[in-house]
Amino acid sequence: EAPIGDVVRYVEDLALWGCNALAVWFDMHHYAGMGDPAARKMVARLRRILDAATGVGIGAGLVSLANEAFSNSPEELRADWTAGHDGYTREPGGHDHVELRPSKRGGLDLILDYRRQMLEAFKGIDLKYVWIWPYDQGGCTCAKCAPWGANGYLKTADAEARLIRRCFPEAAIVLSTWYFGHFTTGEWAGLTRAFDKKTPEWASYLMADDAGTDFPEFILKHGVPGGLPLVTFPEISMFNMWPWGGFGVNPLPRHLQAIWDSVKRGAVGGFPYSEGIFEDINKAICLQFFWDPGRQAAETVREYAAYHFSPDVADDMVGAARMMEEGHGHSLKADNVRRWAEMPAGDRTKGRADFYQLRNSPQAQRCFDLVKKADTRLTAVARKSWRWRLFYIRAALDAELAASRGAATARSEAYFRELGRLYAARNAEGSVRPPAVRDVLRTIVG
């Protein structure tokens with residue numbers, strides 16, 4: 001949604017913090033084939049972003065799901081996504097139900113045809129990386145593919161890798177293990193057995209990480225299957241907040257430090273996953289980890305504040321970021337908003353409308369006081385910058401909503417609307433749209 005010029009500028013900013021590779025995902029399931037006008041528009045946008053990356057010396061990459069498909073994929077070839085059979089205890093999260101079943105006659109051929117069309121749309125770009133991804137979305141739970149991560153996925157990835165090599169012979173292929181073991185058992189062990197027999201020559205890296213508080217235990221205990229170089233996939237956007245960036249900046253220095261410390265001896269780098277600009281400081285933390293495994297997150301926070309805001313406020317902002325992280329975990333109470341919206345208009349003014357849940361709010365006012373003090377010491381340019389406004393608004397919202405005990409106020413509504421403008425997210429999905437009540441109501445009641 002953001003103006004492409006802003007995105008291009010942002011890519012250039014990331015290079016200054018050490019980003020040397022940027023990957024984008026063309027999500028097939030939105031489109032009825034590569035000829036869909038919306039698909040062509042998205043390809044043009046993604047190419048512009050990758051061109052911006054290569055223009056400043058950042059390697060370009062493409063993300064792909066192993067068995068992803070277009071919205072009009074043949075129903076008879078679609079993957080199974082159900083649970084309760086063949087070892088699957090949970091349905092794969094995020095499945096779009098248009099993905100293809102590689103074990104069915106014609107399924108793998110169509111997967112490869114779709115993948116070829118997608119790769120050809122990015123011809124002319126100097127791709128350094130192509131990722132192959134298992135779940136969320138993706139996967140197939142049928143008897144012939146299960147367990148997906150050690151069976152159908154590997155067979156599909158092997159065929160796709162040969163196609164990728166033909167289209168982009170110089171690109172390194174990154175095999176992802178995202179969500180292995182979340183829906184069934186035996187994926188990690190099965191992958192290890194397969195790679196013990198023969199590690200595929202096309203696999204340049206193995207990617208592993210998780211969306212929770214810990215790195216995958218299997219790798220910490222048993223090492224990387226096949227001895228492949230390990231890259232991480234830090235969850236810097238969605239962790240424990242809803243909407244993900246809805247309340248402003250979400251610094252996670254201690255959280256990210258703890259996970260990195262558990263794996264840094266075995267990792268050669270990583271790709272933080274971004275859902276917006278609200279986690280810009282988390283990108284900087286992770287990028288600095290990858291350049292210097294001994295780099296401490298608090299040092300990066302201090303350098304970030306000194307560079308983007310002012311050296312005069314760097315120490316104060318380290319303290320503010322720490323308090324924000326201790327209070328991390330806010331959420332919109334959508335059911336409360338829904339019930340309020342369904343009330344007769346006259347009843348909405350009675351009592352208190354509790355719309356937001358805050359975590360660990362006692363320090364909220366203290367944090368805001370610290371940020372307000374810093375605000376007076378900044379130049380006019382720094383004070384108006386979007387990075388500073390994300391910090392300021394987060395501190396202000398924490399204090400405002402703590403004082404109102406989760407009730408929306410005129411001031412909180414103004415801050416949410418400003419975030420929406422900064423993110424260019426007024427029309428975005430609810431997961432990334434700041435939760436101004438009027439926008440939430442627009443979604444709930446149409």
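Could you please state how large a percent of the accessible area of the stretch 306-446 is carbon and sulfur, counting protein chains only and using a 1.4 Å probe?
That share works out to 50 percent.
Kindly rank 15-28, 191-204, 241-254 from highest to lowest mean number of other beta carbons found within 10 Å of each residue. Mind dumping the intermediate values first?
Values: 15-28: 18.0, 191-204: 14.9, 241-254: 24.1.
Answer by packing, highest mean first, reads 241-254, 15-28, 191-204.
Modelled label-to-label distance, Ala83 and Ala382, 7 Å Cα→beta-carbon offset: nm?
My value for the distance between the label points is 4.9 nm.
Using the Karplus curve 6.51 cos²θ - 1.76 cosθ + 1.60 with θ = phi - 60°, work out ³J(HN,Hα) for each residue of the stretch 325-335 in order, rounded to whole Hz, and write x for Gly and Pro.
Karplus-based 3J(HN,Hα) across the stretch 325-335 equals 5, 4, x, 5, x, 6, 7, 8, 8, 4, 5 Hz.
Considering only Cα-Cα distances, which of the following residue pairs are longer than 20 Å: Lys104/Lys144; Lys221/Lys264; Lys123/Lys198; Lys128/Lys221; Lys104/Lys198; Lys41/Lys123? The partial results should precede the final answer.
On the way: Lys104/Lys144 9 Å; Lys221/Lys264 14 Å; Lys123/Lys198 31 Å; Lys128/Lys221 31 Å; Lys104/Lys198 25 Å; Lys41/Lys123 16 Å.
Over 20 Å apart, Cα to Cα: Lys123/Lys198; Lys128/Lys221; Lys104/Lys198.
Could you work out the local net charge near Leu163, counting Lys and Arg as +1, Asp and Glu as -1, over the other residues with Cβ closer than 9 Å to its Cβ? Walk me through the numbers before you get to the answer.
Values: positive: Arg115, Arg116, Arg162, Arg165, Arg166; negative: Glu160.
Here the charged neighbours net out to +4.
Among Ala211, Ala399, Ala143, which one shows the highest mean-square fluctuation when the chain is modelled as a Gaussian network with alpha-carbon springs under 10 Å?
Result for the chain, Cα springs under 10 Å: Ala143 fluctuates most.
Please determine, in degrees from 0 to 90 and to the nearest 10, the orientation of helix 152-167 with respect to the longest principal axis defined by the Cα atoms of the chain, where the helix direction is its Cα long axis.
The answer is roughly 90 degrees.
With a/c under 1.5 counting as rounded, go ahead and sort the stretch 29-81 into rounded, prolate or oblate using the C-alpha gyration tensor (a ≥ b ≥ c being the square roots of the eigenvalues; past the cut-off, prolate if a/b is larger than b/c, else oblate).
On the way: a/c = 5.37, a/b = 1.96, b/c = 2.75.
The shape class here is oblate.
Can you pull the percent of the stretch 159-291's accessible area that's carbon plus sulfur, 1.4 Å probe, other chains left in place?
Numbers: 2710 of 5170 Å².
Carbon-and-sulfur percentage of accessible area, whole number: 52.
Relative to the Cα centre, what is the charge dipole magnitude of the stretch 134-269, using +1 at the beta carbon of each Lys and Arg, -1 at the beta carbon of each Asp and Glu, and rounding to the nearest 20 debye? Walk me through the numbers before you get to the answer.
On the way: 12 positive and 13 negative charges, 81 e Å.
The calculated dipole for the stretch 134-269 is roughly 400 debye.
Counting only the heavy atoms of the protein chains, how much of Phe215 is accessible to a 1.4 Å probe, in Å² to the nearest 10?
Here the residue's solvent-accessible area equals roughly 10 Å².
Cα to Cα, under 25 Å, and not fewer than 8 places away if on the same chain: which lysines meet these conditions relative to Lys333?
Lys350
Quick one: which residues, 5 or more positions from Gly59 or on another chain, have an amide H under 5 Å from its amide H? H modelled 1.01 Å from N in the peptide plane, none for Pro or chain starts.
Ala21, Leu22
What is the helix-to-structure angle for 386-403, meaning the angle in degrees between its Cα long axis and the longest Cα principal axis of the chain, kept from 0 to 90 and rounded to the nearest 10?
It is inclined by approximately 60 degrees.
How large is the dipole of the stretch 162-225 about the Cα centre if only Lys and Arg carry +1 and Asp and Glu carry -1, each at its Cβ, rounded to the nearest 20 debye?
Details: 7 positive and 8 negative charges, 91 e Å.
Rounded to the nearest 20 debye, it is 440 debye.
Rounded, prolate or oblate: which fits the stretch 11-103, taking a ≥ b ≥ c as square roots of the Cα gyration tensor eigenvalues, rounded meaning a/c under 1.5, else prolate when a/b beats b/c?
On the way: a/c = 3.76, a/b = 1.80, b/c = 2.08.
The shape class here is oblate.
For the chain, give the magnitude of the charge dipole about the Cα centre (Cβ charges: +1 Lys/Arg, -1 Asp/Glu; no others), in debye to the nearest 20.
Details: 55 positive and 55 negative charges, 139 e Å.
I would put it at about 660 debye.
To the nearest 500 deg cm²/dmol, what mean residue ellipticity at 222 nm is calculated for the chain from DSSP H runs of n ≥ 4 alone, each contributing -39,500 (n - 2.57), summed and divided by the residues? Each step should come with its number before you reach the end.
Working: 16 runs with 194 residues, N = 446.
Computed mean residue ellipticity for the chain: -13500 deg cm²/dmol.
Angle between the Cα long axis of helix 280-291 and the longest principal axis of the chain, 0 to 90 degrees, nearest 10?
50
Taking Cα centroids, how far is the stretch 216-275 from the stretch 131-160 in Å?
Centre-to-centre (Cα) distance: 23 Å.
Measuring with a 1.4 Å probe in the full set of protein chains, what accessible area per residue, in whole Å², belongs to the stretch 77-217?
Numbers: 5840 Å² over 141 residues.
Spelled out: the 1.4 Å probe surface of the stretch 77-217, per residue, equals 41 Å².
The values are calculated or read from the model by the stated rules, or taken from the named source; none is laboratory data. Nothing here was measured: the structure is a model prediction, and the numbers come from that model. Please note: Cβ atoms are built from the backbone with ideal geometry, for glycine as well, and neighbour counts cover all protein chains shown. Calculation scope for accessible area: heavy atoms of the full protein, side chains included, ligands and nucleic acids excluded. Shrake-Rupley method; radii C 1.70, N 1.55, O 1.52, S 1.80 Å.
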